[in-house]
1. Residues Leu3, Leu55: which one is at pLDDT 95 or above, more than 25 Å from Glu149 (Cβ to Cβ) and surrounded by 14 or more Cβ atoms within 10 Å (Cβ to Cβ)?
2. Only one of Arg134, Arg111 is touching a residue at least 12 places away in the same chain (Cβ under 8 Å) and out of contact with any helix residue (DSSP H, G or I) (no Cβ under 8 Å at 6 or more places or on another chain). Can you tell me which?
3. If the requirement is being at pLDDT below 75 and within 19 Å of the chain's Cα centre (by Cα), which of these qualifies: Leu83, Leu69, Leu40?
Amino acid sequence: MNLEEAIKTSIEYENKVKACYDEAQAQTKDEVAKKVFRLLAIEEQGHVDYLQLRLEEWQSSGKITVEELATTIPDGDQIDNSLNAVEDKLQSTKPNEAELDLLSKALEAERTTAAFYQKMVGELDNEGKRLFERFVEIEEGHVAIVQAEISAVSGFGTWFDMKEFDLSGGA
């Protein structure tokens, strides 16, 4: 696959993942989950915009400039550490099956996208490799955040060290 094809394919992947988050945000009733989905949809739209600029640059000059791609999502290690720190405190409740289904779709989309980026890092040279290395890092963070939300929705009652509800207070 050449760089132009890789960028076009990446845009398709990012649009699919964004659609998962838009659907999840529209369907969930949980306000914390809505915020998570909204944040992830915004992130994915930023990826689409960034990739679209790289594609236009490539098509007009045959070169790309790998600019810094920021993320508001903590990296996977930070998320894992946060979850491990509260593991012993987790309490069980009935999971929201519809939301779990949406999250499972999002998780699969994120994993597929991350795997594609990893493949591009291995196949492309120079700018292409550098471009997709950052996407691998970001998508791994997205996978971790979706897994964290799955843990929260599964009834553990916490999300990143923040208690989402209090069984004794009825909230």
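The values are calculated or read from the model by the stated rules, or taken from the named source; none is laboratory data. Source: prediction; values computed, not measured. Reconstructed Cβ throughout: ideal geometry from the backbone, glycine too, with neighbour counts over all protein chains shown.
1. Values: Leu3 fails: at pLDDT 95 or above.
One residue alone meets the criteria, Leu55.
2. Numbers: Arg111 fails: out of contact with any helix residue (DSSP H, G or I) (no Cβ under 8 Å at 6 or more places or on another chain).
Testing whether each residue is touching a residue at least 12 places away in the same chain (Cβ under 8 Å) and out of contact with any helix residue (DSSP H, G or I) (no Cβ under 8 Å at 6 or more places or on another chain) leaves just Arg134.
3. Of the residues listed, the single one that is at pLDDT below 75 and within 19 Å of the chain's Cα centre (by Cα) is Leu83.
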